[in-house]
Amino acid sequence: EGPSSSSGSVSHAIDLEDMENGSVRASSKYAAKGSTVTLTVTPDEGYELADLTVTDKSGKELTLTQKGDGVYTFTMPASKVTVSADFQEIEVPAAELPFTDVAEKDWFYEGVSFVYENGIMNGLTTTTFGPSASTTRGMVVTMLWRMEDQPQAQSGAAFADVKEGAYYAE
């Protein structure tokens, strides 16, 4: 039990459990029976609230009202309460590939997704990847160049078979 108010009613403790990947702040540390308590939930970057519960001293779960923007309220019972929250990592859906010649069932799908999403390979056209096509020397040096964050060339191409202005020239 906590401090008594001037009206003589007893306030009860609001205990916040330790939480990982986020936090919960209560509008006060103590509240009298029947009063409205506000909880503000703040997930860490990259996380979202998975579960928020408030239980009384006997373990009974209290009803929470969601107010939006991570704010919840509940009515204080005639006992202390415990607030617990679980946070989960936000799952970012993989970008959909634009290629008509690559399907999710293909053994190379994950590899194509990786090189496309990371800007290493763009495909042969905007709608075809060419998974059965031969890889040229120009393609390989372009992939290596992109993996190195596209450094500026120090001089012109030193290869007689590299045409000026070719996509792989730099």
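The values are calculated or read from the model by the stated rules, or taken from the named source; none is laboratory data. A quick note: this is a predicted structure, and the numbers were derived from the prediction, not measured. Glycine gets a Cβ as well: all are built from the backbone with ideal geometry, and neighbour counts include every protein chain shown. Calculation scope for accessible area: heavy atoms of the full protein, side chains included, ligands and nucleic acids excluded. Shrake-Rupley method; radii C 1.70, N 1.55, O 1.52, S 1.80 Å.
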Mind checking whether some residue in the range 45-53 is at positive phi and modelled with pLDDT under 95? yes
In the range 10-40, what residues are more than 24 Å from the chain's Cα centre (by Cα) and among the basic types (K, R)? K29, K33
Yes or no: E117 charged (D, E, K, R), closer than 30 Å to G22 by Cβ and in contact with a strand residue (DSSP E or B) (Cβ under 7 Å, 6 or more places away or on another chain)? no
Looking at the range 120-155 only, could you name the residues that are under 24 Å from E104 (Cα atoms) and polar (S, T, N, Q)? N122, T125, T126, T127, T128, S132, S134, T135
Sole miss for Y109 among (1) in contact with a strand residue (DSSP E or B) (Cβ under 6 Å, 6 or more places away or on another chain); (2) aromatic (F, W, Y); (3) farther than 27 Å from D44 by Cα is condition (1)
Can you pull out every residue in the range 54-72 that is exposed (fewer than 15 other Cβ atoms within 10 Å of the Cβ) and of a type in the set (V, I, T)? T63, T65, V71
When every residue in the range 98-118 that is within 20 Å of T142 (Cα to Cα) and surrounded by 14 or more Cβ atoms within 10 Å (Cβ to Cβ) is compared, the one farthest from the chain's Cα centre (by Cα) is F99
Can you tell me which residues in the range 31-51 are under 21 Å from A13 (Cα atoms) and either open to solvent by less than 20 Å² (accessible area, probe 1.4 Å) or free of Cβ contacts under 8 Å to residues at least 12 places away in the same chain (or both)? A31, V37, L39, V41
For the range 95-135, give me each residue that is touching a Ser or Thr at 6+ places or on another chain (Cβ under 9 Å) and either of a type in the set (S, T, Y) or assigned to a helix (DSSP H, G or I) (or both). T100, T127, T128
Among the residues listed as A153, A94, the single one being out of contact with any Lys or Arg (no Cβ under 8 Å at 6 or more places or on another chain) and either modelled with pLDDT of 90 or more or surrounded by 11 or more Cβ atoms within 10 Å (Cβ to Cβ) (or both): A94
